[in-house]
Amino acid sequence: MIKLPKKNVKLKDFFTKLGLKKIYDESIVNDSAQKKDKRLNKNPYPPELLDLYYLYELIRLNKRITILEYGCGWSTIMIHFALKKLKLKMNSRFFERCHNPYQLYSLDNSKKFISISKKRLNAYSKNTKDVKFFYSKVVMDVFNGKYCSAYINHPIINPDFIYVDGPDQFEVKEKINNFTINSKSMMPMISDILKYEHFLVPGTIILFDGRQSNVRFFKTNLQRKWVDFYIGETGQHVFFLNEKPLGNINKKQLAFDNTK
């Protein structure tokens, strides 16, 4: 079963211990845009420390080593550092048929923010070969007869952890029957995970950073046995694929996840 992070942590101590105190300091920046609809903010905004803490700890505690991220940002740095920590702890070991061990695939529909994330990542870490950035347009789509959005250049990866904080709905240009999510009255509605749900292996974790309307759409269309948790203090939603192992190889993966 999934391991959840401790609450009431001292965030300054947490980030300082990781060597990421600059992120803690960055969070104190007064960004007036945060008082408005931050979906419309065209500039990077300060890191949300508690969100980043839960992201890092979910990866570390559950030993996730192949990660797909929708929407790059401060999260990219946290995932990168979590993977480095795990690789060191596990002596670079990984389970059978893990083809992308200790790697992060970061997918975004904004070339601008990919560029910002690359520069920021390189400023915090000397070796970033484990992070692979992908740009893809996002178009309007239909899933089970419902309007949604989808990436058109999706990386081929079967992750054990998926983080959802993208796409930028206002980068979607196309319409279907004159309908689009590129409107202030609409909200993000990713459908990609639902399309490859049956390829995910038991034990997979998905973390939605907010996006509650998308979470409802997601839950309505899931077809497998997921356990979900809501983290009220951050607005994050966690899904855990709680099914019996597919076979011996998946058993080895689940055993790896529970290694002390």
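Name, by its number, the condition in (1) of a type outside the set (D, E, K, R); (2) modelled with pLDDT of 95 or more; (3) out of contact with any His (no Cβ under 6 Å at 6 or more places or on another chain) that does not hold for Cys98.
Evaluating Cys98 over (1) of a type outside the set (D, E, K, R); (2) modelled with pLDDT of 95 or more; (3) out of contact with any His (no Cβ under 6 Å at 6 or more places or on another chain) leaves (2) as the failure.
Of everything in region 179-196, what is in a strand (DSSP E or B) and either touching a residue at least 60 places away in the same chain (Cβ under 8 Å) or among the hydroxyl-bearing types (Ser, Thr, Tyr) (or both)? Give them in sequence order. It would help to see each step written out before you state the result.
Step one: of region 179-196, the residues in a strand (DSSP E or B) are 179, 190.
Across region 179-196, the qualifying residue is only Ile190.
Which residue pairs have Cβ atoms closer than 8 Å, lie 6 or more positions apart in sequence or on different chains, and pair a first residue in region 1-27 that is over 17 Å from Ile79 (Cβ atoms) and modelled with pLDDT under 90 with a second residue that is among the polar types (S, T, N, Q) and not in a helix (DSSP H, G or I)?
The qualifying pairs are Met1/Asn242.
For a quick check of your reading of the model, give me the residue pairs whose first member lies in region 121-143 and is over 21 Å from Thr180 (Cα atoms), whose second is open to solvent by 50 Å² or more (accessible area, probe 1.4 Å), with beta-carbon atoms closer than 7 Å and at least 6 apart or on different chains.
What qualifies is Thr128/Asn122; Phe133/Lys118; Phe134/Asn153.
Could you grab me the full set of residues in region 210-237 that are open to solvent by less than 30 Å² (accessible area, probe 1.4 Å) and within 21 Å of Thr66 (Cα to Cα)?
Going through region 210-237, the residues open to solvent by less than 30 Å² (accessible area, probe 1.4 Å) turn out to be 210, 214-215, 217-218, 221, 231, 234-237.
Within region 210-237, Gln236, His237 meet the criteria.
Can you pull out the residues in region 147-178 that are open to solvent by less than 60 Å² (accessible area, probe 1.4 Å), in a strand (DSSP E or B) and farther than 30 Å from Ile2 by Cβ?
Ile176
The values are calculated or read from the model by the stated rules, or taken from the named source; none is laboratory data. Note that the structure is a prediction, hence the values are computed from the model and not measured. Please note: Cβ atoms are built from the backbone with ideal geometry, for glycine as well, and neighbour counts cover all protein chains shown. We work out accessible area using only protein heavy atoms, side chains counted, and drop any ligands, DNA or RNA first. Shrake-Rupley method; radii C 1.70, N 1.55, O 1.52, S 1.80 Å.
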